[in-house]
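*Asks:* Quick one: structure below, then a few questions.
The numbers here are math on the coordinates, done by the rules we state, and not lab data. Everything numeric here is computed off the predicted structure, so don't read it as measured data. Using ideal geometry, Cβ is built from the backbone for each residue, glycine included, and neighbour counts are taken over all protein chains shown.
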Amino acid sequence: MTDLTRRKFTVLAGASLAALSTPLFAPRALGQAKPRLVVIGGGPGGGTVARYVAKDSAGAIDVTLIEPLKTYTTCFFSNLYVAGFRDFKSITHNYDKVKKGGVKVVHEMAASIDRDKKQVVLAGGARVPYDRLVIAPGIDIKFDSVPGYSEAAAQVMPHAWKAGAQTQLLLKKLNALKDGDTIVMITPPNPYRCPPGPYERASMFAHVLKKKGHKKSKIVILDPKPAFSKQALFMEGWEKHYPGMIEWQDPKMHGGIKSVDPKTGEIKTDLASYKAALANVIPAQTAGKIARDAGLADQSGFCPIDPENMKSKMDANIFVIGDACIPGDMPKSAFSANSQAKVAAMVVRSELVKSRAFPARYSNTCWSLIETDDAVKIGGTYEPGEGKIKQASTFVSQKGEAADLHKQNYKESVDWYAGIVADIFG
Amino acid sequence: MIVWYRICRFSMVAITVMIATAAPVWDRSGAAGAPDMELGRYLATECMTCHQSGTATSSVPNIFGLTETRVTEVMKAYRDKTRPNPVMQSVASRLTDEEIAALAYYFSKSKKP
Ligand SMILES: Cc1cc2nc3c(=O)[nH]c(=O)nc-3n(C[C@H](O)[C@H](O)[C@H](O)COP(=O)(O)OP(=O)(O)OC[C@H]3O[C@@H](n4cnc5c(N)ncnc54)[C@H](O)[C@@H]3O)c2cc1C
């Protein structure tokens, strides 16, 4: 490649993307200097993979991250924000350090993926060619999985399962409650993002109500599942800190969720009807639209991957990581997304610049806060096995553990948060 | 024993992968000799999730710049479950001696990002 063309590319790269409808870079076959990695989605999955490839390839790979948001509010610790343990600023991060780390960040939505041409088409029409593409678009909410619920209804009955304005709305509604009011939570069916998340949220609601001195308020959880993550630990914690306040109902107890009415706040099950002063409806979930539209998802709505390398089973040039993929035994968590990103980054480098490849290894830990200084945890290590990401070891907090151990868990989770956001956003 | 088992298992994985997808062969070249910095760097990515903002006093401490002896000692103690903390015991449970040596080498030679 000549100096002239290289300069031209630099100019193009810096030009307004919206103005371009032709490829941002010439196809590699025509003399592209560096191999190109394009990443869709700047959350725990996408942010991590972009930063690691840029850092470890030391400029040998051209890394572009496509993410419409200028700031990203983490779902993890958003329950702690609702409870007043964190402020909104502390869970909101920008991409300045990602850019400083050598990643080109394009703040635009990816509209589609042209898999034949190996190009991502942006919402404004520009095309971004790739040699390898990593997609980490997270989840989409299946609004119609709860009868009566819709995107519009979420303005009255927030799901707050994507952090940001929804989480702020949830807090506003929580703060407006009076003693004697009822919170109704509808929790999602498997698989969904953050298995213990809804139950940590119920705990944080209870923390707020207790702190405000509510004596009669209730939290009713209508669950489509017969059991949930860390159930025994949550129930022990609820009994200890909030006796009688949280009522969890499995499908046998409520008989099925029949309807929600955003106008009246009425929620009907097969066996009862509730008037919710605050309804937190968390519907079923599916992989982000871009992944489904590109034909990377199967009938489950999520994307099958090769556990050895996080590659899509549908396209060997595309990796799917984070909540959008089918992660085998791993839960859908920020920790998992970050862990999968590191495997993908290692494989991308080995394919594009022939760096060494190592066997894939994954890990996860999820901490959940039940009350001030009382946190429990679950986690494990994972490796490829039996055609999936298979659990290799596991651990979970035990019932009846000493209070100082749970306080230590909380401290650990605070340090984890600081670590992981630095790992994702620099 | 464990080491041999793991090396055998990795080779089997590598062969399967080569046949199935022509993906890169897993490189274990550093495993038998001096500590393997590249392997250490890869394995250390798992540690970065929690440890990169650690200070000497935080519950998830800084581990950059520790001596090889210290990292090796601590990781083996977690692997043997003589040091408490299920998260670290779980992380250490799958590490071979060579992998612990690679990690220890990497952290002793690396500065906090
Ligand atoms: C209440 C709650 C608590 C949680 N607590 C924890 C916890 O304690 N620990 C933990 O590990 N996990 C936790 N999680 C789960 C965690 O938030 C998710 O698993 C994680 O965010 C998944 O990361 P991701 O990168 O796959 O997707 P996301 O974080 O959803 O990021 C996807 C990004 O892609 C972008 N995007 C989507 N489509 C496009 C497109 N077409 N073009 C460009 N960009 C696009 C989005 O704007 C978004 O920024 C929690 C979740 C919730 C809801």
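*Asks:* Can you give me the distance in nm between label points at B:LYS76 and B:ALA34, each placed 7 Å from the Cα along the Cα-to-Cβ direction?
*Replies:* Placing both labels 7 Å along Cα→Cβ, they lie 2.2 nm apart.
*Asks:* Long-range amide H contacts for A:TRP248: which residues qualify at under 5 Å (H placed 1.01 Å from N, peptide plane, sequence gap of 5 or more or a different chain)?
*Replies:* Those qualifying (amide H under 5 Å, at least 5 residues apart or on another chain) are A:ILE221.
*Asks:* Report the Rg/Rh value for region A:71-223, based on alpha-carbon coordinates and the Kirkwood definition of Rh.
*Replies:* For region A:71-223, the value is 1.06.
*Asks:* I want to verify a result. In a Gaussian network model of chain A, Cα cutoff 10 Å, which of these has the top mean-square fluctuation: A:PHE88, A:PHE302, A:PHE234?
*Replies:* A:PHE88
*Asks:* Hey, got the Cα dimensions of region B:36-109 along the principal axes, in Å, largest first?
*Replies:* Result, largest extent first: 28, 26, 20 Å.
*Asks:* May I pose another question? Can you return the lysines within cross-link range of A:LYS117? Criterion is Cα-Cα under 24 Å, with same-chain partners fewer than 8 residues away left out.
*Replies:* Correct list for A:LYS117: A:LYS8, A:LYS34, A:LYS104, A:LYS289, A:LYS311, A:LYS313, A:LYS354.
*Asks:* Would you calculate the volume per residue, in Å³, of the smallest convex hull containing every Cα atom of region A:272-336?
*Replies:* Normalising the Cα hull of region A:272-336 by residue number yields 138 Å³.
*Asks:* Once you keep just the Cα pairs under 8 angstrom separated by 6 or more residues, what percentage relative contact order results for region A:293-388?
*Replies:* 23 percent
*Asks:* Among the trypsin sites (Lys or Arg not before Pro) in region A:192-226, which ones are in a DSSP loop with at most 15 other Cβ atoms within 10 Å of the Cβ? Mind listing them?
*Replies:* In loop regions of region A:192-226 (DSSP not H, G, I, E or B), the sparsely surrounded trypsin sites (Lys or Arg not before Pro) are A:LYS212, A:LYS215, A:LYS216.
*Asks:* Here's something else I'd like to know. At a threshold of 8 angstrom on Cα-Cα distance, excluding pairs fewer than six apart, so keeping six or more, what relative contact order does region A:146-284 reach in percent?
*Replies:* Worked out over region A:146-284, it gives 37 percent.
*Asks:* If you take every DSSP beta bridge fully contained in the protein assembly as shown, what fraction is antiparallel? Give it as a percent rounded to 5.
*Replies:* Restricted to the protein assembly as shown, the bridges split so that about 55 percent are antiparallel.
*Asks:* OK, next. With charges only on Cβ, +1 for K and R and -1 for D and E, what is the dipole size of region A:146-284 about its Cα centre, in debye, rounded to 20?
*Replies:* Using only the charged Cβ atoms, the result is roughly 400 debye.
*Asks:* Something else about it: Can you compute the helix-only [θ] at 222 nm over the protein assembly as shown? Use -39500 (n - 2.57) per DSSP H run of at least 4 residues, normalise by all residues, nearest 500 deg cm²/dmol.
*Replies:* The helix-only estimate for the protein assembly as shown comes to -11000 deg cm²/dmol at 222 nm.
*Asks:* What FRET efficiency comes out for the pair A:ALA232/A:LYS407, r = Cβ-Cβ distance, R0 = 25 Å, nearest 0.05?
*Replies:* So, using R0 = 25 Å, E works out to roughly 0.80.
*Asks:* So what J values fall out for region A:368-380 if you push phi through Karplus, 6.51 cos²θ - 1.76 cosθ + 1.60 with θ = phi - 60°, rounded to Hz, Gly and Pro as x?
*Replies:* Using θ = phi - 60°, the values come out as 10, 8, 9, 7, 2, 6, 10, 10, 10, 9, 9, x, x Hz.
*Asks:* Using Cα pairs closer than 8 Å and at least 6 residues apart in sequence, work out the relative contact order for chain A, in percent.
*Replies:* Worked out over chain A, it gives 18 percent.
*Asks:* Do any GluC sites (Glu not before Pro) in region A:299-406 lie in a loop, going by DSSP, with at most 12 other beta-carbon atoms within 10 Å of their beta carbon, and if so which?
*Replies:* A:GLU386
*Asks:* Check which residues have an amide H placed less than 5 Å from A:CYS325's amide H, if you skip close sequence neighbours.
*Replies:* Answer set, sorted by chain and number: A:CYS303.
*Asks:* Let me ask something additional. How large is ³J(HN,Hα), in whole Hz, for each residue of region A:319-326 in order, when computed from phi with the Karplus curve 6.51 cos²θ - 1.76 cosθ + 1.60 and θ = phi - 60°, using x for Gly and Pro?
*Replies:* Result, rounded to whole Hz: 10, 10, 10, x, 4, 6, 8, 9.
*Asks:* Within 10 Å of each candidate Cβ there may be at most 14 other Cβ atoms; applying that plus a DSSP loop requirement, which trypsin sites (Lys or Arg not before Pro) in region A:359-400 survive?
*Replies:* A:LYS399
*Asks:* Amide H of A:ALA287: which non-local residues (sequence gap of 5 or more, or other chain) have their own amide H closer than 5 Å, using H built in the peptide plane?
*Replies:* Counting only residues 5 or more places away or on other chains, the set is A:ASP140, A:PHE302.
*Asks:* Follow-up question, since we're still on this one. Any chance you could give the angle, 0 to 90 degrees and rounded to 10, that helix A:403-425 forms with the longest Cα principal axis of chain A?
*Replies:* Computed tilt is about 30 degrees.
*Asks:* Would you mind working out the magnitude of the charge dipole of the protein assembly as shown relative to its Cα centre, with +1 at each Lys and Arg C-beta and -1 at each Asp and Glu C-beta, to the nearest 20 Debye?
*Replies:* Value, rounded to 20: 960 debye.
*Asks:* Just need log10 I(q)/I(0) for the protein assembly as shown at q = 0.07, 0.08, 0.09, 0.12 Å⁻¹, Debye formula, equal scatterers on the alpha-carbon atoms, no solvent, rounded to two decimals.
*Replies:* Once normalised to I(0) and log-transformed, intensities are -0.41, -0.54, -0.68, -1.17.
*Asks:* With viscosity set to 1.306 mPa s at 10 °C, what whole-number translational diffusion coefficient in µm²/s follows for region A:146-284 from Stokes-Einstein and a Kirkwood radius over Cα pairs?
*Replies:* 106 µm²/s
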